[in-house]
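Reading through the structure tokens given below for one structure.
A short reminder: the numbers here are calculations on the coordinates, not readings from a lab. Remember, predicted model here, so these are calculated numbers, not experimental data. Quick reminder, even Gly has a Cβ in these numbers, built from the backbone with ideal geometry, and neighbours come from all protein chains shown.
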Amino acid sequence: MVNGRIFHKTTGLVVLIALLAGLPAAAVADVRSELNALVGEFNAHAQQLDSEDVASVKAFNEFIRTRVAGHWDTRHMATHLLGEEVFEQLSRDQQWQIQQRLETTFYRYAYEILDAYKQAPLVLLDDLYRGEEGQLQIKIIGKPRILPALTGNLYLDKNDDSWAIVDAGYAGWTYISLKRRVYQRKLARRGVEGMLAWLDAKNQRFFADYCQPGLRPVMPDQVSVLCERS
């Protein structure tokens, strides 16, 4: 249970393991610089976000939408959670629906991580370096309100001419490795619609407080849809 809580708190922006082999040195430096800027902006929002302040909620959502969400590779995650063969057999609409639910889930993680690290900003440590398996890595450390200081893993890969988040975790475990069986079991037992409903329920519970009339217009479209269904 403790491990689950620790993973839950470190699923987002914590120690980075970047699968960027093949990028030139200058591009790696650019990624490091951009990540540093993102972490700084994230920390600033952590100090300002107040669920009763519509402007601060809107600003955080715009930050995620314009600065972070474009780096989420939800197709990669969906493919590896369900298995490539299974995912490719789904219709394009089903694939899109699953990717949308994953994106909503990552919005939720962003809010949860921001809340956990409000009093202890995340910090990039040192430069990118190559790990034992050849991946480039960079450390970020943060201390949540209840637990000791933690480090985790954010896995990146090349995405066209940029970089993409393809997984996250800590201590050798990743979101995909921990959740793969759960997703596959939900799909096998409940079908696509049942699995989507399971994801919706988890996200609806978290975003319930953000479904107030004053906040709903500034929430991401995926969250607004959940609000309408609740």
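Okay, here's what the table says:
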| read-out | value |
| --- | --- |
| Residue-wise HN-Hα coupling along region 61-76, computed from phi with Karplus coefficients 6.51, -1.76, 1.60 (Hz; x: Gly, Pro) | 5, 5, 4, 5, 5, 8, 10, 10, 4, x, 9, 7, 9, 5, 5, 4 |
| Under 5 Å, built H, 5+ apart or other chain: amide partners of Leu215 | none |
| Sorted peptide list for 220-229, 106-115, criterion being average Cβ within 10 angstrom, highest first | 106-115, 220-229 |
| Long-range amide H partners of Leu156 with built H, under 5 Å | Ile17, Ala18, Leu19, Val166 |
| For peptides 208-215, 87-94, sequence by mean Cβ density within 10 Å, most packed first | 208-215, 87-94 |
